[in-house]
Amino acid sequence: MVGCPSQLLTIEASRLDAGHVRLRLTGELAYDTAPELIAAAADLPGDGEVLIDLAGVSLCDSSGLSALLVVHRVAGAVRLTGVNPPLQRMLDRTGLTELLTERHAGDDLRAIG
């Protein structure tokens, strides 16, 4: 497990089965911290799906949403989990729900890894 701590955002990366990677975010995904997510994604192997667990994210602004799109471009297959209602509304309003396939916090990620 690799961690990328900051004052406002913590990113924990863990490798799952079948080449998948989970990024667990805690804190704020915003203008000041979005580059940390992009940097973490740049270091990921490109051979599997990236699961981004957002259950610990208290704030996501447009810069955070942009960072999620960059991760999608870099990694290809991205799946979100733990999306809170305000972020879900933002994904719905921007038409990104289908692109960034969302899983609810109760979904079983063990089926993948």
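The values are calculated or read from the model by the stated rules, or taken from the named source; none is laboratory data. These numbers come from a predicted model, not from an experiment. Cβ sites come from the backbone with ideal geometry, for glycine too, and all protein chains shown count toward neighbours.
Within region 1-14, the residues that satisfy the criterion of being of a type outside the set (S, T, N, Q) and either modelled with pLDDT of 90 or more or surrounded by 20 or more Cβ atoms within 10 Å (Cβ to Cβ) (or both) are Leu8, Leu9, Ile11, Glu12, Ala13.
Scanning region 60-71 for residues that are within 12 Å of the chain's Cα centre (by Cα) and surrounded by fewer than 20 Cβ atoms within 10 Å (Cβ to Cβ) turns up Leu65, Ser66, Leu69, Val70. Collect the residues in region 84-113 that are farther than 22 Å from Ala18 by Cβ, part of a helix (DSSP H, G or I) and either of a type outside the set (Ser, Thr, Tyr) or at pLDDT below 50 (or both), keeping them in residue-number order. Answer for region 84-113, where residues must be farther than 22 Å from Ala18 by Cβ, part of a helix (DSSP H, G or I) and either of a type outside the set (Ser, Thr, Tyr) or at pLDDT below 50 (or both): Pro85, Pro86, Leu87, Gln88, Arg89, Met90, Leu91, Asp92, Arg93.
With respect to (1) closer than 19 Å to Leu99 by Cα; (2) touching a strand residue (DSSP E or B) at 6+ places or on another chain (Cβ under 6 Å); (3) surrounded by fewer than 20 Cβ atoms within 10 Å (Cβ to Cβ); (4) aliphatic (A, V, I, L, M), the lone exception for Ala77 is condition (2).
Every residue, every condition in (1) under 15 Å from Ala75 (Cα atoms); (2) at pLDDT 95 or above; (3) among the polar types (S, T, N, Q); (4) surrounded by fewer than 17 Cβ atoms within 10 Å (Cβ to Cβ), yes or no:
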| position | (1), (2), (3), (4) |
| --- | --- |
| Asp17 | no, no, no, yes |
| Arg24 | no, yes, no, no |
| Leu29 | no, yes, no, no |
| Thr33 | no, yes, yes, no |
| Leu37 | yes, yes, no, no |
| Ala40 | yes, no, no, no |
| Ile52 | yes, yes, no, no |
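Of Leu29, Leu44, all but one fail to be touching an Asp or Glu at 6+ places or on another chain (Cβ under 9 Å) and either of a type outside the set (Lys, Arg) or in contact (Cβ under 8 Å) with a residue 60 or more places away in the chain (or both); the exception is Leu29.
For region 49-79, which residues satisfy the criterion of being among the aliphatic types (A, V, I, L, M) and in contact (Cβ under 8 Å) with a residue 60 or more places away in the chain? Reasoning before the result, please.
Keep residues of region 49-79 that are among the aliphatic types (A, V, I, L, M), which gives 50-52, 54-55, 57, 59, 65, 67-71, 74-75, 77-78.
Matches in region 49-79: Leu51 only.
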